[in-house]
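As structure tokens, the structure follows; a few thoughts come after it.
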Amino acid sequence: MSDQDKKLQAIKDLIQSSQNSLASARKILATLVQGGSQDEQEFLPTGLMSYTSDDNKIVEGVFTGDGMLGADGNIYPVPANYASKSLIVQGSKLKATIDQNGKIIYKIIEEIPYEVRHGIITKSGEKYQITSEERTYNVLLAAITFHHVDIGDHVTIRVPMGKMATFAVIDTVVPKE
């Protein structure tokens, strides 16, 4: 492939990425108009790209608490153990490198500013949650099992600073007295 062909392909990829981002924005706007929450709007991907490099597809996106909303408008599954162990806070920017076989490798490219709060592990139906003084957050099951906590245990959590998050990540377990 010549240099000119590579440049043309890069331009095509940028145009496609822009079109996908616009389509994603339209979908999200439709969801918001049809009853989506203001919370979802706070974590829309901005200034992120989707492109190809060598034989890999690179997609930048925003961590939603249990996945990544990519700049191309798609939702990518982030492994729960990786998210829990890496302490990825909802709203942080990630990069997904997708190889020819479909294998995805994630990397944190920008951690969102966060605050640490205290909370108690609770359960609603089949979902674990963390209740703090401010609100109740969803939490990944992998975080519950990784930290060996159960209902009623006290923890410190990380949540995005100044945002209305729906997910929290467990930072530490508060020792029982």
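The values are calculated or read from the model by the stated rules, or taken from the named source; none is laboratory data. Predicted, not measured: the structure shown is a model, and the values here were computed from it. FYI the Cβ positions are ideal-geometry reconstructions off the backbone, even for glycines, and counts take in every protein chain you see.
Residues of segment 137-177 being closer than 17 Å to GLY91 by Cα, part of a strand (DSSP E or B) and not basic (Lys, Arg), which ones? Give the derivation first.
Taking segment 137-177 first, the residues closer than 17 Å to GLY91 by Cα are 137-140, 157-171.
Narrowing the set further to residues that are part of a strand (DSSP E or B) leaves 137-138, 157-160, 167, 169-171.
Selection gives TYR137, ASN138, ILE157, VAL159, PRO160, PHE167, VAL169, ILE170, ASP171.
Inspect segment 160-170 for any residue being on the phi > 0 side of the Ramachandran plot, modelled with pLDDT under 95 and surrounded by 14 or more Cβ atoms within 10 Å (Cβ to Cβ) and give the result as yes or no.
We begin by selecting, within segment 160-170, every residue on the phi > 0 side of the Ramachandran plot; these are 162.
Checking the rest, the ones that are also modelled with pLDDT under 95 come to 162.
Still in the running and surrounded by 14 or more Cβ atoms within 10 Å (Cβ to Cβ): none.
No, segment 160-170 has no match at all.
I'm told HIS147 meets every condition in (1) at pLDDT below 95; (2) closer than 30 Å to TYR51 by Cα; (3) surrounded by fewer than 20 Cβ atoms within 10 Å (Cβ to Cβ) except one. Can you identify the failing condition by its number?
Of (1) at pLDDT below 95; (2) closer than 30 Å to TYR51 by Cα; (3) surrounded by fewer than 20 Cβ atoms within 10 Å (Cβ to Cβ), only one is false for HIS147: (2).
Return only the number of the condition from (1) of a type outside the set (Phe, Trp, Tyr); (2) under 11 Å from the mean Cα position of the chain (by Cα); (3) surrounded by 13 or more Cβ atoms within 10 Å (Cβ to Cβ) that PRO77 does not satisfy.
(3)
Can you run down the residue pairs with Cβ atoms below 8 Å, 6 or more apart or on separate chains, where the first is in segment 51-74 and over 22 Å from TYR114 (Cβ atoms) and the partner is modelled with pLDDT under 90 and among the aromatic types (Phe, Trp, Tyr)?
Between residues of segment 51-74 that are over 22 Å from TYR114 (Cβ atoms) and residues that are modelled with pLDDT under 90 and among the aromatic types (Phe, Trp, Tyr), the close pairs are LYS57/TYR51; ILE58/TYR51.
Restricting the first residue to segment 89-106 and requiring it to be surrounded by fewer than 15 Cβ atoms within 10 Å (Cβ to Cβ), which pairs with a second residue that is not in a strand (DSSP E or B) meet a Cβ separation below 6 Å and a spacing of at least six or different chains?
GLN100/ASP55
Just wondering, is there one or more residues in segment 36-55 that are out of contact with any helix residue (DSSP H, G or I) (no Cβ under 9 Å at 6 or more places or on another chain), assigned to a strand (DSSP E or B) and either at pLDDT 95 or above or at negative phi (or both)?
Scanning segment 36-55 turns up at least one residue that is out of contact with any helix residue (DSSP H, G or I) (no Cβ under 9 Å at 6 or more places or on another chain), assigned to a strand (DSSP E or B) and either at pLDDT 95 or above or at negative phi (or both).
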